[in-house]
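Remarks on the structure that follows.
Readers should treat all values here as calculations from the given coordinates under stated rules, not as data from a laboratory. On a predicted model such as this, the values are computed, not experimentally measured, just so you know. Cβ placement follows ideal geometry from the backbone for every residue including glycine, while neighbour counts extend to all protein chains displayed.
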Amino acid sequence: MTTQHPIFLKKKLPKLHNELSIDQLKARLAAETFSRRTVSFYRYVKIEDAVAIRNSFYSQWEGLGVLGRVYFAKEGVNAQVSVPEHNYQQFLDGICNVFPGMPMKIAVEEAKESFYKLVVKVRPKILADGLSDDAYDVSNVGRHLSAREFNEALQQKDAVVVDVRNYFESEIGRFEGALCPNVDSFKDELPVISDMLAGQQDKKILLYCTGGIRCEKASAWLKHQGFSDVNQLHGGIIDYSRQVKEEGLENKFVGKNFVFDARMGEKITDAVISKCHQCGAPADTHTNCGWEPCHLLFIQCKSCAEKMDGCCTSECQTYLGLPSEEKEQMMRKVTASSPAFFRSRRRPQGFVKVNPAHISTHATDSHT
C-alpha cells in the first residue's frame, strides 16, 4: 500500500516542534481538568513523502492537544501518544482517514503523566533493526495469535517462547519459561535470537513484545532464516492484558510491562520478579539517575531513592549536590566526553548480564 492521501500532496509545512521548557510542560499538564487516553499504534506501509505526513499530522495533533512520541519513515509509522478523552474520536478519525482500520492498543493503566510534549520525527526506519532494507522480506511475517490462542500454544510441549524485548524490559516482567535475549536494543536482537534458536527450525516459535511491532520484524527474520512455524502475540503484552480481562482468560504474563513513556511500566500482575539494583530488595520501579548528565536507567526501591536522592551511585549523588557553578563545570566536562562516558554506563554498575529465563518467576507478591 502506498500512502498518497490528498492532504499530504500539498506544499510542505515549515518545521514544527515544541518550544516550551520541561517545567512549563509539566505545569500545563497539571492544570488540565480533563482525562487522557494513552494509546500506541504502528503499521508497516509504504509512505512516499514521510516529511509531508509528519508535518500535517503534527499540526493536526497539536490542535487536539495530543502528546507523545511518533516516528514516520518510508516503511510506515510507529507511535505512542496521550490523547485528551474528549478529542479521542476526532484523533482516531484523522488516523483512519489516512491509515484505514488502524488498530489501537490502549494502555492498561491510565496516567495523565505518560507524556509531556509532542515529538513527531522522520526516521530512516520506524524500528531500527541494524540490517539493510533488502536483507529480508519484512512483509513475510508469522501467524498472529490472540491471547486465547497464545495461551493454548504455550501449553504445547515443544513450543519455544521468545521475548523480543531488551533485557531491562524482561527483567521486570515476562511469560514464564521465555527465552530473554540479553541485549540493550532491538538492532542487537535478531542475530542473538537466531543463535538462541539454532537447530530448532522445526519447532513452534512463539514471539511476544510490548505492542507487536518488534515481533513483526522478528517473525519475518526467523522465517527468512528457515523457521517453519513462527507465531506472534497480536497486539503484544498491552493487548494481551486487555483480552485476558475482557474474556476472563488465565493471565500467563508475570510482573510488570515496561512502557516507553514517563510511567516506565504498567502492572500486569502484582508479582515483583526483579530486585533493586542498589540494595537487592524486591523492586520493579525503573527510574533515570537524578543527575541529568548520567540519566542511567535502573531499578530503584523507595528506600534507596530517598537515601540516594534518586541517583544511581554516590558519585552522581555528590555531583547532584555541588554548588551551581561547579555542577555546570562538571556537566560540561561529562558532555564533552559523553560517548565514552555513556558507553561505560549503559547498564547499572554491578548489574550482571544473565538470561532472565534462568531466574525463577515465583517471586514475592509485593508493591513498591
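So if each residue of separation counts as 0.36 nm, and I subtract the Cα-Cα distance between F260 and S303, what length gain in nm does that give?
My answer for the length gained is 13.1 nm.
L179's amide H: which non-local residues (gap 5+, or another chain) put their own amide H closer than 5 Å, with H modeled 1.01 Å from N in plane and none for Pro or chain starts?
Here the answer is V161, V162, D163, since their amide H atoms fall under 5 Å of that of L179.
Measure off 7 Å from each Cα along the Cα-to-Cβ vector at E328 and L92, then give the distance between these two points in nanometres to one decimal.
5.0 nm
Sort 245-258, 278-291 for me by packing, meaning the mean count of neighbouring Cβ atoms within 10 Å per residue, highest on top.
Descending packing order for the listed peptides: 278-291, 245-258.
On full extension of the chain, what length is gained from S314 through E149, given 0.36 nm per residue of separation minus the C-alpha to C-alpha distance?
Stretched out fully, the S314 to E149 stretch lengthens by 54.6 nm.
Keeping to pairs on different chains or 8 or more places apart, tell me how many lysine pairs in the range 106-253 have Cα atoms under 23 Å apart.
Taking the Cα cut-off of 23 Å, the pair count is 20.
Below 11 angstrom from the Cβ of C301, what's the summed charge of the other residues (Lys, Arg +1; Asp, Glu -1)?
Neighbour charge sum, excluding C301 itself: +1.
According to a simple spin-label model (label point 7 Å from Cα along Cα-to-Cβ), what is the distance in nm between T33 and Q60?
With each label point 7 Å from Cα toward Cβ, the separation is 2.9 nm.
So what is the relative contact order for the range 209-298, in percent, with contacts set as C-alpha pairs under 8 Å and at least six apart?
Reported relative contact order: 17 percent.
Return S324, S59 ranked ascending by Cβ neighbour count within 10 Å, so the fewest neighbours appear first.
Placing the least packed residue first, the sequence is S324, S59.
Once you list every other residue whose beta carbon is under 13 Å from the beta carbon of T318, what net charge do they have if Lys and Arg are +1 and Asp and Glu are -1?
-2
Counting DSSP beta bridges with both partners in the range 53-140, what percentage is antiparallel, nearest 5?
So the antiparallel bridges amount to about 60 percent of the total.
Want the number for A198 to K26: 0.36 nm per residue separation, take away the alpha-carbon distance, what's left?
57.1 nm
When a footprinting reagent is the concern and you count Cβ atoms within 10 Å, what order do C209, C294, C215 take, fewest first?
Going from sparsest to densest Cβ surroundings: C294, C209, C215.
Rank these for me by crowding, D158, D239, going from fewest to most other beta carbons within 10 Å.
D158, D239
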